[in-house]
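Report on the structure given below.
The values are calculated or read from the model by the stated rules, or taken from the named source; none is laboratory data. Since the structure is predicted, the reported quantities are computational estimates derived from the model, not experimental observations. Here Cβ is always computed from backbone atoms with ideal geometry, including for glycine, and neighbour counts include all displayed protein chains. Calculation scope for accessible area: heavy atoms of the full protein, side chains included, ligands and nucleic acids excluded. Shrake-Rupley method; radii C 1.70, N 1.55, O 1.52, S 1.80 Å.
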Amino acid sequence: MSLAVLSSCTLRGLQAVAVQVEVHIGRGLPAFSLVGSPGVEVRESRERVRAAILNSGYAFPDGRITVNLAPAELPKASGHFDLPIALGVLLASGQVATADGHAPIVHHYLLCGELSLTGSIVATGSALAIGLSVVRGAQQAGHAPVQLILARRDAQVAAQVPGLVVFEADTLAQVVCHLSGRGALQRAIASAEPAQGGAAVPCLSEVRGQLAARQALEVAAAGAHGLLMSGTPGVGKSMLAQRLPGLLPPLTAEQALEVAALHGLLDPGHAPTVQAPFRAPHHGASMAALVGGGLRIRPGEISLAHQGVLFLDELPEFDRRALEALREPLETGQITVARASGTCHFPARFQLVAAMNPCPCGWYGCPEGKPACRCTDEQVRRYRSRVSGPLLDRIDLHVRLAPERAWSEAGPGETSAAVRARVCAARARQWARQACLNSQLQGAALEMHAPLDAESRALLQQAEKAWSWSARSLQRTRRVARTLADLERAPRVESRHVAQAMQYRPESICR
């Protein structure tokens with residue numbers, strides 16, 4: 001055989017795109033050519049493959065070798081094409097055959113793995129994303145997923161995906177023996193479920209006072225609403241935000257795998273956990289760091305916060321362009337990163353929590369006995385205008401925190417466990433009623449599951465006239481009212497829920 005065709009894939013975001021690795025050996029001066037838009041890592045595989053084949057005890061052919069990675073217009077940038085390229089060279093040169101002398105059947109395998117010069121297979125860290133994509137693609141197509149052959153560590157990670165058959169291999173020679181029938185690779189076995197551990201989350205009982213802000217935090221957790229806290233320095237904005245993950249229910253097994261797959265694109269050693277992620281980028285973070293991008297497109301902080309919390313402290317200090325890029329994923333739950341090399345889609349169903357001071361010096365509106373504000377009205381206006389109205393309009397809950405006069409006398413409040421129990425019960429009612437959280441209700445679903453009585457509609461109509469509320473503001477107020485009703489176990493949204501939800505809008509706070 002002078003031609004061999006094997007299956008592999010390349011990642012575009014979190015989506016694995018099928019790639020055919022075609023290896024042809026023809027007559028002519030010895031040469032090794034790679035075509036099909038290979039990146040730097042792929043072009044370097046020529047030297048790795050040559051050394052791995054020789055050090056595994058096989059002969060490297062002297063003919064003209066051409067490797068095509070199809071489709072040609074799709075850029076490929078990963079070292080995991082080493083394994084299929086090496087096997088293609090061995091198959092095309094007739095060095096791999098079954099006991100009856102025929103070429104082995106390889107079309108039902110998907111091979112990914114980087115080779116060392118010794119012939120061992122090195123883990124690449126993107127196995128979980130590949131496994132999830134393969135299974136989801138097979139489910140959409142209505143057939144069984146292909147079998148994967150990966151490095152041992154990658155295989156054990158990918159085996160956590162239900163319905164996926166993964167074989168683990170340590171060396172190129174082991175894969176050759178498996179394909180030729182002279183040996184068998186071991187099927188990878190994963191742990192039963194994602195780990196329960198994770199970074200320790202501080203307890204809400206450590207926050208003294210600030211009852212209104214604590215209630216807003218509970219409402220935000222119950223309905224997955226965005227939250228903006230403003231107040232002078234030291235009033236507890238960051239403390240409250242850091243305790244939000246402790247109020248959220250644990251991730252489902254599918255959510256934990258998807259979150260781990262996203263983190264695995266940057267950290268190969270990231271293990272799935274059921275704890276919701278919490279990301280707090282510095283306000284000096286670039287737009288690419290926040291939304292994703294780079295020479296090789298990678299997920300940003302908003303995708304790494306998928307199914308969890310994105311905390312933006314000192315909100316007005318962030319780059320204006322980066323903040324404006326949050327508007328689309330806040331509505332759609334995904335981010336599209338477009339570059340000259342292609343377009344990638346990343347999930348970004350995060351819960352935004354932000355904090356800001358009332359002015360540049362931080363002491364605007366502070367009561368007597370505190371540092372006096374040194375900012376002019378124009379400085380205050382410019383500072384607040386750094387955050388655009390459309391972005392503020394997409395944040396459901398706005399809370400102003402005032403300094404606690406009797407902080408030293410206030411005792412500890414409710415624990416995170418007690419609040420989490422109410423949050424989990426409210427979320428369970430939402431999933432049972434509408435198969436989504438209240439923050440995702442739109443259009444007809446909002447009318448069906450959050451109907452308003454005459455008194456509630458009159459309240460919203462008054463707010464619309466007095467403060468020129470947009471349709472988005474009205475909808476988000478209804479969603480918050482639905483969450484307040486769920487926390488009270490009320491079957492319907494009542495006027496008191498709407499009135500309380502209206503108090504969380506920025507227009508109400510400013511007056």
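Each residue of the stretch 167-175 was assigned a 3J(HN,Hα) from its phi angle through the Karplus curve 6.51 cos²θ - 1.76 cosθ + 1.60 (θ = phi - 60°); the sequence is 10, 9, 9, 9, 9, 4, 4, 5, 5 Hz, with glycine and proline shown as x. For the chain, the solvent-accessible area with a 1.4 angstrom probe is 44 square angstrom per residue. Per-residue ellipticity at 222 nm computed for the chain from its helices equals -10500 deg cm²/dmol, with DSSP H segments shorter than 4 residues left out and the rest contributing -39,500 (n - 2.57). Per residue, the average separation of C-alpha pairs within less than 8 Å and at least 6 apart gives the stretch 241-380 a relative contact order of 20 percent. Relative to the longest principal axis of the Cα atoms of the chain, the long axis of helix 211-223 lies at roughly 40 degrees. To test your reading of the geometry: what angle, between 0 and 90 degrees and rounded to tens, separates the Cα axis of helix 45-55 from the longest principal axis of the chain? That works out to roughly 50 degrees.
Just to be sure I understand, if you calculate Rg and Dmax of the Cα atoms in Å for this structure, which of (1) 27.9, 93; (2) 22.2, 70; (3) 25.9, 93 do you get? It is the value labelled (1). Taking Cα centroids, how far is the stretch 126-159 from the stretch 481-502 in Å? Cα centres, the stretch 126-159 to the stretch 481-502: 44 Å. Looking at the stretch 1-95, the trypsin sites (Lys or Arg not before Pro) that sit in a DSSP loop and have at most 16 other Cβ atoms within 10 Å of their own Cβ are Arg27.
Sequence-distant contacts, meaning Cα pairs under 8 Å at least 6 residues apart, place the relative contact order of the stretch 86-221 at 21 percent.
Secondary structure note: in the stretch 1-146, about 75% of the DSSP beta bridges are antiparallel. For the stretch 142-255, a simple Cβ point-charge model (Lys and Arg +1, Asp and Glu -1, everything else neutral) yields a dipole of about 180 debye relative to the Cα centre.
Note on the chain: antiparallel DSSP beta bridges, both residues inside, total approximately 50 percent of the bridges counted. Positive end of the dipole of the stretch 245-374 (Cβ unit charges, origin at the Cα centre): among Gly284, Ser303, Gly246, the Cα lying farthest that way belongs to Gly284. With point charges of +1 on the Cβ of Lys and Arg and -1 on the Cβ of Asp and Glu, referenced to the Cα centre of the chain, which listed residue (Ala445, Ala260, Pro38) lies farthest in the positive direction of the dipole? Farthest along the dipole direction, towards plus: Ala445. The charge dipole of the chain, taken about the Cα centre with unit charges on the Cβ atoms of Lys, Arg (+1) and Asp, Glu (-1), comes to about 860 debye, rounded to the nearest 20.
Each label point was placed 7 Å from the Cα along the Cα-to-Cβ direction; for Thr332 and Cys203 their separation is 4.3 nm. The 3J(HN,Hα) values that the Karplus relation (6.51, -1.76, 1.60; θ = phi - 60°) gives for the stretch 100-105 are, in residue order, 8, x, 8, 6, x, 8 Hz. Gly and Pro appear as x.
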